[in-house]
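What follows is calculated from the coordinates using simple rules that are stated; it is not laboratory data. Predicted, not measured: the structure shown is a model, and the values here were computed from it. Every residue, glycine among them, receives a Cβ derived from its backbone with ideal geometry; neighbour counts consider all protein chains shown.
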């Protein structure tokens, strides 16, 4: 369990000057179990609200919380400092549309609980991948899709059906996906990410106040 990827704008914007623009930092967490535990709840709260120490791994954080899960004062003292620049401002929950996978409802409940507190309410977004591997008119898929959105509490404009796997696309197009622009793949993702970052765009236009350079957590 770790940040499998962490991308700040200086890592993924390489073709033009990005210093004047508010691109998000993307944090990708892999390996979370579908469980509703006090340890996971506390760990997510610390990550979401920018209390994790600089350079600290999730394994270290998880171990400390596990050892002190029934001593909240020790955890609060250890992680009392909030780094505003590390607060998460958006959450994207990713799951597979495949029929042989289940919706991680327990994990979703933990995320919803951690993302709603007296400190801050963090908007949630949802993505079902592999949708090109399923029959989108099949009742089982539609039921799964509706359940996924309902558990996350998502309106349609915070949800995306996504096909984005390089190995599939490389076989079809006979090229390296990362070296190509494929509108039918790229445009839906760009539209979705524009919606995710929408409040930052409004803020940049002076219409609302919010943190411009958002941290986006992908689960």
*Points 7 angstrom from Cα along the Cβ direction at residue 105 and residue 117: gap in nanometres?*
2.6 nm
*Take every DSSP beta bridge whose two residues both sit in the stretch 24-162, then give the antiparallel share in percent to the nearest 5.*
10 percent
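Find how much the distance from residue 78 to residue 62 grows on full extension, using 0.36 nm per residue of separation minus their present alpha carbon separation; answer in nm with one decimal.
Using 0.36 nm per residue and subtracting the Cα-Cα distance, I get 4.5 nm.
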*Two-site FRET efficiency, residue 133 against residue 32, from Cβ-Cβ distance with R₀ of 30 Å, rounded to 0.05*: 0.85
_Can you compute the modelled spin-label distance between residue 186 and residue 69, with each label point 7 Å from Cα toward Cβ, in nm?_
4.6 nm
_With Kirkwood's inverse mean 1/r over C-alpha pairs for Rh, give me the Rg to Rh ratio of the stretch 66-110, two decimals please._
1.15
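What shape does the stretch 21-113 take by its C-alpha gyration tensor, where a ≥ b ≥ c are the square roots of the eigenvalues and a/c under 1.5 counts as rounded, a/b above b/c as prolate, and the rest as oblate? Please list the in-between numbers first.
Working: a/c = 2.27, a/b = 1.23, b/c = 1.84.
It comes out oblate by the Cα gyration axes.
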